[in-house]
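Throughout, read-outs are computed from the coordinates displayed, never taken from laboratory work. For clarity, every value in this text was computed on a predicted model and none was experimentally measured. All Cβ positions, glycine included, derive from the backbone under ideal geometry; neighbour counts span all protein chains shown.
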Amino acid sequence: MIKVLASGVFDLLHYGHIRFLEEAKRLGGPEARLIVVVASDDTVRKNKGRNPVIPESQRRALVESLRVVDGAILGFKDMDLESVLDRVKPDIVAVGHDQKEIMRQVLAIKDRKGLSLKVVQVGRFGEEDLNSSSKIRRKILNDSKKRA
C-alpha cells in the first residue's frame, strides 16, 4: 500500500482543495492511502499573518470527512516537517502549486536523511476567480460592500 502525504490550511474549503487532494491520492495509485496534515491556527498566523476563518479542529474534521481522505492530522505548532515525515512515513509527498517552500524543505530533509520518498508538485485547479480561500474572502467582502 502506497501512503501519500498532503498538507495545507484548508480554510474556506473549495473546489481547488478537493481537486488537489484527489490528484494527490491518484499519485499513489488505486490502493493508496491519503494522509493530510492540516495547518494549526498558530502556523497560519505565523505564515500568513492572520487568523484562519475556521478554527483548526473544524478544518481538520472537514478535511477528514472528505471521501478521498483516509486520515487527517493537525500540524505541529512549530511546523516541524521532519517530525511529520517521521510520524507518517509517506511514500509520496504531494505539494500544492503554492507550496514551494514546503517542497524545498521536504527535499532537503529527504536528501539529508536519505529517504526514498517521491515529492510531486500538483498544479492549480478550479475556476481562476474562486480557486483560493483569499479570493473567496475578497469576493464575499466585495459583494457585501455592493449590497450596503
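Could you list R19, R112, R87 so that the one with the fewest beta carbons within 10 Å of its beta carbon is first and the one with the most is last?
In increasing order of surrounding Cβ atoms, one gets R112, R87, R19.
Grab the other residues whose beta carbon is less than 13 angstrom from that of K110, score K and R as +1, D and E as -1, and report the net. Could you put the intermediate results ahead of the total?
Working: positive: K89, R104, R112, K113, K118; negative: E82, D86, D91, D111.
It works out to a net charge of +1.
Tally Lys and Arg at +1 and Asp and Glu at -1 over the other residues with C-beta under 15 Å from the C-beta of Q121: what net charge comes out?
Numbers: positive: R19, R26, K100, R104, K110, K118, R124; negative: E23, D98, E101.
After counting each charged neighbour, the total is +4.
Over 20 Å between Cα atoms, which of K48/K118; K25/K118; K25/K48; K46/K89; K48/K113 qualify?
The answer is K48/K118; K25/K48; K46/K89; K48/K113.
Subtract the Cα-Cα distance of R50 and R87 from 0.36 nm times their separation in residues, and report this length gain in nm to one decimal. Don't skip to the answer; put the middle values down first.
Values: separation 37, 0.36 × 37 = 13.32 nm, distance 2.80 nm.
Going from the current span to full extension adds 10.5 nm.
For R50, R67, what's the fewest-to-most ordering of other Cβ within 10 Å of each Cβ?
Fewest-to-most Cβ neighbours within 10 Å comes out as R67, R50.
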